[in-house]
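The values are calculated or read from the model by the stated rules, or taken from the named source; none is laboratory data. Worth saying up front: this structure is predicted, and the values here are computed from it rather than measured. Cβ sites come from the backbone with ideal geometry, for glycine too, and all protein chains shown count toward neighbours. Heavy atoms of the whole protein, side chains included, go into the accessibility calculation; ligands, DNA and RNA do not. Shrake-Rupley method; radii C 1.70, N 1.55, O 1.52, S 1.80 Å.
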Amino acid sequence: MQKIRLVDLFSGIGGIRLAFEQAANSLNIESECVLSSEINTDAQFVYETNFNHKSLGDIRLIDKLPEHEILLAGFPCQSFSHAGKKEGFGDTRGTLFFEITRLLDTYKPQAFIFENVRGIYSHDQGKTLATIKHEIQKRGYSFDAFLLNSANFGLPQNRVRIYLIGILNATPK
């Protein structure tokens, strides 16, 4: 059985990891989380309970990433949300995206999947998404963005999220 190593940044209680692992399993691919990071202690407790994997704390304290093929990250969304102040990269939480790029520079996985609120799509008249795309592409990744609604996937809520996908030296299909 093929095996994929993953890193789960801003892991929360593990929603992105769970979805990724279920998708990999459906393709008969084993997955192993080699590092996760979450600053909220309550979320860390739930993550460890759900996955038997202890999450590291603050992403800013991680020097480098271990070898892995897939990077997952649900980076903080409050700065980009229609419900928030929309301060974007002017808010400390908004700048945490750049911690992901800093860590991408320490180890470049084959692909990444990032998740955020749909507000990032149009935030600052599209400049925020253009900045993210630029930062990703200058590191050699393709870049694609998808808006998906959880209601279309059997979940009992109407929640539109943006998914950012990239493949190192390739194009998503």
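The table below gives the values:
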{"item": "The one condition in (1) modelled with pLDDT of 90 or more; (2) over 19 Å from residue 147 (Cα atoms); (3) surrounded by fewer than 17 Cβ atoms within 10 Å (Cβ to Cβ) that residue 104 fails to fulfil", "result": "(3)"}
{"item": "Search result, residues across the range 137-171 that are in a loop (DSSP other than H, G, I, E, B) and over 16 Å from the mean Cα position of the chain (by Cα)", "result": "138, 139, 140, 154, 155, 156, 157, 158, 159, 169, 170, 171"}
{"item": "Per-region count, the range 33-55, residues open to solvent by 20 Å² or more (accessible area, probe 1.4 Å), touching an Asp or Glu at 6+ places or on another chain (Cβ under 8 Å) and either among the basic types (Lys, Arg) or farther than 17 Å from residue 104 by Cβ (or both)", "result": "3"}
{"item": "Cβ pairs under 6 Å, 6+ apart, first in the range 150-173 and closer than 17 Å to residue 75 by Cα and among the small types (Gly, Ala, Ser), second modelled with pLDDT of 75 or more and in a loop (DSSP other than H, G, I, E, B)", "result": "166/142; 166/143"}
{"item": "Odd one out for residue 83 among (1) at pLDDT below 90; (2) closer than 15 Å to residue 166 by Cα; (3) open to solvent by 30 Å² or more (accessible area, probe 1.4 Å); (4) among the aliphatic types (A, V, I, L, M)", "result": "(2)"}
{"item": "Odd one out for residue 114 among (1) part of a loop (DSSP other than H, G, I, E, B); (2) modelled with pLDDT of 90 or more; (3) open to solvent by less than 30 Å² (accessible area, probe 1.4 Å)", "result": "(1)"}
{"item": "Residue check for residue 66: part of a loop (DSSP other than H, G, I, E, B), modelled with pLDDT of 60 or more and either acidic (Asp, Glu) or exposed (fewer than 13 other Cβ atoms within 10 Å of the Cβ) (or both)", "result": "yes"}
{"item": "Residue within the range 150-173 that is loosely packed, with under 15 Cβ neighbours inside 10 Å, at pLDDT below 90 and of a type in the set (Lys, Arg) present", "result": "yes"}
{"item": "Selection within the range 123-142 - open to solvent by 20 Å² or more (accessible area, probe 1.4 Å) and touching a helix residue (DSSP H, G or I) at 6+ places or on another chain (Cβ under 8 Å)", "result": "123, 124, 129, 131, 135, 139"}
